[in-house]
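Worksheet: the structure to be examined is printed underneath.
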Amino acid sequence: MSRRPVQREGPSPLEWVETAVRLLRSAPPGALLCYYFGSATCLLGLLYFWADMSRGAYAAEHLTESAFQAAGLYVWMKCWQAVFLAKLRAHLFMEAEPPWTGARVGRLILTQAALQPAGLFLRFIAANLLLPYIWTYSVFAGIAILGDGQEPSLRVVLRRAIREAGLWWRQTHLALLCLFGFALFIWLNVNIVATLLPQMARMFLGVESPFTRDGAVMFNTTFFAATFAATYLCFDPVRKAVFLVRHFQGQSLQSGEDLRVELRTLRQRSGLAVAALLLATTLLAGSMNSVRAETAPTSPPSTAQVNPKSLGNSLDQVLERREYAWRFPRQTKAEVEQKGWLSGFFDSIAKTFAKWYKNIQAWLKKLGDWFRRDRNREEEKEITAPFHLEWSTVARGVLIILGIALIALTVVMYWRSRGKRAETVLAEAASAVPDLTQETVTADQLPEDGWTRLGRELMERGELRLALRAFYLASLAHLGERDYIRLARHKSNHDYDRELQRRARGNSGLLDAFDENLLVFESAWYGDHMVTEGTLQGFSQNLERIRAC
């Protein structure tokens with residue numbers, strides 16, 4: 001019977017998807033927060049760009065500025081996705097995340113900005129069958145994983161990504177096919193929910209909208225772009241986690257990383273508690289500021305005369321804003337192209353930089369006015385009531401002091417726990433022997449020799465029932481290494497028996513020995529049969545027959 005090594009065949013695609021979902025569920029909150037912080041802002045900006053360019057009255061005037069912003073948002077999203085994958089990779093490899101130094105952040109931005117934009121065009125070409133699409137997507141998925149700023153050059157990242165893209169083509173195609181079906185159902189659900197929401201608002205809340213008066217208004221390009229964006233946010237983290245699991249198993253073929261990871265256990269992190277503490281401090285400080293603003297005396301209305309000319313200029317400036325330009329008639333092509341395309345391009349760039357300069361000046365002016373207003377308010381308080389303190393000021397000061405103290409205490413406890421981390425890892429590695437009394441123990445937690453050694457130790461201690469289970473798991477590990485069965489947590493003993501009968505149909509000696517041991521094990525482990533040394537001796541003889549086949 002011919003056998004193919006497990007390393008060349010690779011795991012099943014469903015196991016990749018299952019591991020990816022489990023990885024996302026156990027990942028620290030900061031990882032998904034980084035992903036959605038980068039992806040959601042980019043998609044919102046691209047949706048606004050889509051709607052503005054398709055319906056805006058002055059779209060042609062700020063086309064260059066909007067295009068630059070859309071390109072910057074795409075690079076922004078890819079950088080944050082690389083940060084998300086770096087955090088998820090550290091969680092999967094069970095190792096401390098490398099520090100985010102300035103040099104590492106710079107390398108990350110340079111790698112993603114230099115390589116990822118080409119993926120937009122190459123994936124489009126590959127979708128038209130000029131290049132293998134799965135291979136192309138795998139290369140850029142590897143760039144997102146490897147380009148986290150730790151590699152010294154772009155050439156190393158690209159070479160490693162291309163090399164890993166050639167692993168397990170069949171499994172990669174099947175995994176992406178499963179995820180495509182998952183994405184299709186998500187998109188259908190998003191469309192159904194978005195269609196029913198206006199009707200439910202009208203039925204339960206009495207809110208009438210253009211969508212309830214004419215349902216066909218909803219079905220336009222902007223609506224479908226929004227549903228595709230929502231589907232991407234739900235589907236893309238799972239896809240990236242699948243490629244990260246694929247990268248992990250590809251690394252394990254050479255470095256044996258999976259053996260080291262199996263010796264460690266999951267640890268919870270304190271990032272969620274710190275985020276909740278900061279959020280509570282911000283909300284309480286904001287409530288104090290709102291109470292103080294409500295209690296402040298209001299100035300009497302001004303009775304100065306309004307200049308009609310300045311009022312007209314102000315109205316023109318307000319009406320020229322982008323939010324009021326949706327209903328205006330679009331400019332014709334002749335009005336836009338009065339100048340040449342090259343001069344128009346440089347004029348639009350100059351207008352963009354001038355607008356940014358004016359915005360920066362306005363922000364600085366507002367900041368200076370805020371500082372001067374706060375200083376004048378404090379001086380008025382000292383003049384009017386030098387020996388009186390408002391309760392809101394005292395409460396805010398006490399709250400800030402308590403918040404700083406709690407943050408300092410959290411940081412100190414975190415650093416103290418990091419000092420004990422190495423000792424904890426060593427202790428966990430020393431105590432990584434599976435507990436055979438638990439039903440969650442699987443045969444792939446130890447190699448065949450490890451189960452056999454554990455069974456002999458249990459026999460010496462007189463724990464014959466546990467020794468019988470250790471020998472049975474040794475037989476399963478042996479069959480898994482020989483490719484007669486595929487070990488999985490969800491499979492039962494009879495599933496293994498049926499799988500063995502399919503793959504070893506002509507090997508009657510192997511089937512008989514395994515069936516006899518399976519009957520003895522289930523009678524003793526799940527029944528009331530006593531385990532004696534004679535029982536273990538017969539079980540060991542059948543185990544030797546299994547090994548000899």
Any hit, segment 486-496, residues being modelled with pLDDT of 85 or more, surrounded by fewer than 19 Cβ atoms within 10 Å (Cβ to Cβ), outside the structural domain of Leu14 (by TED's automatic domain parsing) and of a type in the set (A, V, I, L, M, F, W, C):
yes
Here are Val156, Val139, Val193: which of them is in contact (Cβ under 8 Å) with a residue 24 or more places away in the chain and assigned by TED's automatic domain parsing to the domain that holds Leu253?
Val139
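Please state which one of Gly119, Gly72 is in the same structural domain as Ala144 (by TED's automatic domain parsing), within 23 Å of the chain's Cα centre (by Cα), free of Cβ contacts under 8 Å to residues at least 12 places away in the same chain and under 24 Å from Tyr48 (Cβ atoms). Walk me through how you get there before you give the answer.
Details: Gly119 fails: free of Cβ contacts under 8 Å to residues at least 12 places away in the same chain.
Within the list Gly119, Gly72, the selection yields Gly72.
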Based on what the data block shows, is Leu188 closer than 24 Å to Val21 by Cα, without any contact (Cβ under 8 Å) to a residue 24 or more places away in the chain, surrounded by fewer than 17 Cβ atoms within 10 Å (Cβ to Cβ) and in the same structural domain as Phe84 (by TED's automatic domain parsing)?
yes
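Kindly check whether there is at least one residue in segment 77-87 that is under 13 Å from the mean Cα position of the chain (by Cα), buried (at least 18 other Cβ atoms within 10 Å of the Cβ) and either modelled with pLDDT under 85 or among the β-branched types (Val, Ile, Thr) (or both). Quick ask: steps written out before the conclusion?
Going through segment 77-87, the residues under 13 Å from the mean Cα position of the chain (by Cα) turn out to be 77-87.
Those left that are additionally buried (at least 18 other Cβ atoms within 10 Å of the Cβ): 77-87.
Okay, now just the ones that are also either modelled with pLDDT under 85 or among the β-branched types (Val, Ile, Thr) (or both), so 83.
Checking segment 77-87: at least one residue is under 13 Å from the mean Cα position of the chain (by Cα), buried (at least 18 other Cβ atoms within 10 Å of the Cβ) and either modelled with pLDDT under 85 or among the β-branched types (Val, Ile, Thr) (or both).
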Of the residues that make up segment 517-524, is at least one in contact (Cβ under 8 Å) with a residue 60 or more places away in the chain and in contact with an Asp or Glu (Cβ under 8 Å, 6 or more places away or on another chain)?
no
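Tell me the residue from Gly206, Gly215 that is at pLDDT below 85, at positive phi and either surrounded by fewer than 16 Cβ atoms within 10 Å (Cβ to Cβ) or in contact with a Leu (Cβ under 9 Å, 6 or more places away or on another chain) (or both), please. Even if it seems obvious, please write down each step before you answer.
Working: Gly215 fails: at positive phi.
None of the other options fit; the residue is Gly206.
Without any contact (Cβ under 8 Å) to a residue 24 or more places away in the chain, in a helix (DSSP H, G or I) and surrounded by fewer than 16 Cβ atoms within 10 Å (Cβ to Cβ), is that true of Glu439? Working first, answer last.
On the way: without any contact (Cβ under 8 Å) to a residue 24 or more places away in the chain: yes; in a helix (DSSP H, G or I): no; surrounded by fewer than 16 Cβ atoms within 10 Å (Cβ to Cβ): yes.
In short, no.
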Please note which helices (runs of 4 or more DSSP H) are completely contained in segment 453-549 and include at least 2 residues that are among the acidic types (Asp, Glu).
493-503, 508-525, 533-548
Taking segment 52-76 on its own, how many of its residues are within 10 Å of Ser348 (Cβ to Cβ), hydrophobic (A, V, I, L, M, F, W, C) and surrounded by 15 or more Cβ atoms within 10 Å (Cβ to Cβ)?
2
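The values are calculated or read from the model by the stated rules, or taken from the named source; none is laboratory data. Bear in mind that the values here come from a model prediction, so they are computed numbers and not experimental data. In this analysis, Cβ positions are derived from the backbone assuming ideal geometry, glycine residues included, and neighbour counts consider all displayed protein chains.
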